[in-house]
Amino acid sequence: MRRFDPVFGTVAWPEGLRVLQVYALPDVGAEPALGALVDGVRAAVSGAPVVPIADDRLHVTLDMVTDAPARDVPEPERAALAGALRAALAGTAEIGLLAGSAVATPRGVLIDLHPDGELAALQRRVRAAIHSVRGPGSTGYRLGVLHLSAGYAAADTDTDPLTVLLHRVRPGHAPLTLRQVALVEVFWRPAATPTGGAVGWTIDWTVLERFPLAPAGGAPADR
């Protein structure tokens, strides 16, 4: 595992720079099994140079606006982007998933999500909505296997011992229902690992607009 440093598009993402992204946000407080899984993951990485993500900052990244930082996207364009996302997500049902297992990656720890076909389809609609407002060159974020980010590496370390610890986390899986998507303004802050042995990065954001997904068999509810 190598130290993680944020990247905006293809360049370093400096502290304080804010960027528009679209996230699916879990409600850990309403998902006790997910909370137990996340607690187990945090315990597993507590001795490693990994900055874990707090419950209220767990997220699934759907896309990122990379052609301009947030400060250069004026309010009318933000409103247009929110409108396009609202239209693209209208009628989309809540997405039920199984979270787990947790995986050590080259830059941190993630929690796998499956089956992810519906979530991937939602991601494609989000990208199309962004392109409808800002054009096809506006999203340099590489679409890959969707996951729940759980922590970022603060220093280089041997991943093998961490892989063993993550494999031992029980429960190793948990049901998860994604009930909302949000347009967010993201920034990074320096943060120490639980042991204080290294300083890495933690993610933070301001929610600009929420898009509730429809409960099974019903219309979207306010959440």
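Among the strands (runs of 3 or more DSSP E) confined wholly to the range 33-133, which include 3 or more residues that are over 15 Å from the mean Cα position of the chain (by Cα)?
95-105
Could you say which residue among VAL169, VAL186 is under 14 Å from the mean Cα position of the chain (by Cα), in contact (Cβ under 8 Å) with a residue 40 or more places away in the chain and under 26 Å from ARG42 (Cβ atoms)?
Result of the check over VAL169, VAL186: VAL186.
Let me confirm something: among ALA174, ALA155, which residue is surrounded by 16 or more Cβ atoms within 10 Å (Cβ to Cβ), within 28 Å of ARG18 (Cα to Cα), of a type outside the set (D, E, K, R) and modelled with pLDDT of 95 or more?
ALA155
Restricting the search to the range 71-101, which residues are more than 18 Å from ARG18 (Cβ to Cβ) and acidic (Asp, Glu)?
Selection gives GLU94 alone.
Between residues in the range 1-20 that are touching a residue at least 60 places away in the same chain (Cβ under 8 Å) and residues that are among the acidic types (Asp, Glu) and loosely packed, with under 10 Cβ neighbours inside 10 Å, which pairs lie under 6 Å by C-beta distance while being six or more apart or on different chains?
Close Cβ pairs (under 6 Å, with a partner that is among the acidic types (Asp, Glu) and loosely packed, with under 10 Cβ neighbours inside 10 Å) do not exist here.
Looking only at residues that are assigned to a strand (DSSP E or B) and in contact with a strand residue (DSSP E or B) (Cβ under 9 Å, 6 or more places away or on another chain) in the range 4-32, which one is surrounded by the most Cβ atoms within 10 Å (Cβ to Cβ)?
Checking each candidate, the answer is VAL22.
Determine the pairs where a residue that is of a type in the set (Asp, Glu), located within the range 113-133, has a partner that is part of a strand (DSSP E or B) with Cβ atoms under 6 Å apart, the partner being 6 or more residues away or on another chain.
Cβ pairs passing all conditions: GLU118/ILE95.
Considering only residues that are surrounded by 11 or more Cβ atoms within 10 Å (Cβ to Cβ) and either at pLDDT below 50 or touching a Phe, Trp or Tyr at 6+ places or on another chain (Cβ under 8 Å) (or both), which ones fall in the range 208-220?
First, the residues of the range 208-220 that are surrounded by 11 or more Cβ atoms within 10 Å (Cβ to Cβ): 208-215, 220.
Once the filter is applied, which keeps residues that are surrounded by 11 or more Cβ atoms within 10 Å (Cβ to Cβ) and either at pLDDT below 50 or touching a Phe, Trp or Tyr at 6+ places or on another chain (Cβ under 8 Å) (or both), the range 208-220 yields only PRO220.
I'd like to know if the range 31-53 contains one or more residues that are farther than 23 Å from ARG124 by Cβ, at pLDDT 95 or above and touching a Phe, Trp or Tyr at 6+ places or on another chain (Cβ under 6 Å).
yes
Go through the range 135-148 and give me each residue that's aliphatic (A, V, I, L, M) and part of a loop (DSSP other than H, G, I, E, B).
Answer for the range 135-148, where residues must be aliphatic (A, V, I, L, M) and part of a loop (DSSP other than H, G, I, E, B): LEU143, VAL145, LEU146.
All but one of (1) more than 22 Å from LEU17 (Cα to Cα); (2) in contact with a His (Cβ under 8 Å, 6 or more places away or on another chain) hold for SER149, so report the exception by its number.
For SER149, the exception is condition (1).
Kindly indicate which of VAL199, VAL184, VAL145, VAL164 is crowded, with 18+ Cβ neighbours inside 10 Å and of a type outside the set (Phe, Trp, Tyr).
VAL184
The values are calculated or read from the model by the stated rules, or taken from the named source; none is laboratory data. These numbers were taken from a predicted model, which means no experiment stands behind them. When we count neighbours, we look across all protein chains shown, and the Cβ atoms used for this are built from the backbone with ideal geometry, even at glycine.
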